[in-house]
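Heads up: the structure comes next, in structure tokens.
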Amino acid sequence: MRFKDPLVVECPNCGSSQAHSVRKLLALSAQCRSCGYRLEETGREMQHAAREWTAFLGITETALELEEKFGITLSDVELSSVDKIEELALLIDRKSPNHHVSSETISETLACLLDDAEEVTPSDLQPSSSIRELFSRYAKYHA
């Protein structure tokens, strides 16, 4: 996710609108030049938006990879109805009568998609693991 840089932000304290560096906002170090108020909440909201966007993209990329691998189509509604790796495996297993899809298969696909994420460990890829949390945590380090 990209933010317009510099980003015009309205100070919640004094109401002054000023352009601020996205880098400083995300680092939680930006301050209002009129009153000195720290714009940390704005930076946290930006961090959250970036994590959510990256999680969405990660889930979408995972779905596309699985659709290609198993010759199925996953709708947005179906994807939004699953959170855990095991739920996604069951959904794909139901839609793919010619393949048995296990949580391990989904975990392997996720591991391939996240292979450059040193923070992701095998314990993150358990059947009960949240896919959205996994991508959100990964995004925290790479936003």
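The values are calculated or read from the model by the stated rules, or taken from the named source; none is laboratory data. Everything quoted here is computed from the prediction, not taken from an experiment. Here the Cβ is made from the backbone with ideal geometry for all residues, glycine too, and neighbour counts use every protein chain on show.
Among the residues of segment 129-136, is any modelled with pLDDT of 85 or more and out of contact with any Asp or Glu (no Cβ under 7 Å at 6 or more places or on another chain)? Looking through segment 129-136, at least one residue is modelled with pLDDT of 85 or more and out of contact with any Asp or Glu (no Cβ under 7 Å at 6 or more places or on another chain). If we keep just the residues of segment 1-37 that are surrounded by 13 or more Cβ atoms within 10 Å (Cβ to Cβ) and of a type in the set (S, T, N, Q), which is farthest from Phe56 (Cα to Cα)? So, considering only residues that are surrounded by 13 or more Cβ atoms within 10 Å (Cβ to Cβ) and of a type in the set (S, T, N, Q), the one farthest from Phe56 (Cα to Cα) is Ser34. Is it the case, given these coordinates, that Glu108 is out of contact with any strand residue (DSSP E or B) (no Cβ under 8 Å at 6 or more places or on another chain) and at pLDDT 85 or above? In short, no. Would you be able to tell me the number of residues in segment 42-79 that are touching a helix residue (DSSP H, G or I) at 6+ places or on another chain (Cβ under 9 Å), among the aliphatic types (A, V, I, L, M) and closer than 25 Å to Val101 by Cα? Residues meeting the conditions: 8. None of Val120, Val101, Val77 is more than 13 Å from the chain's Cα centre (by Cα), among the aliphatic types (A, V, I, L, M) and modelled with pLDDT of 85 or more except Val77.
Which members of segment 40-74 meet the condition of being over 13 Å from the mean Cα position of the chain (by Cα) and under 14 Å from Leu113 (Cβ atoms)? Passing the criteria: Ala63, Leu64, Glu65, Leu66, Glu67, Glu68, Lys69.
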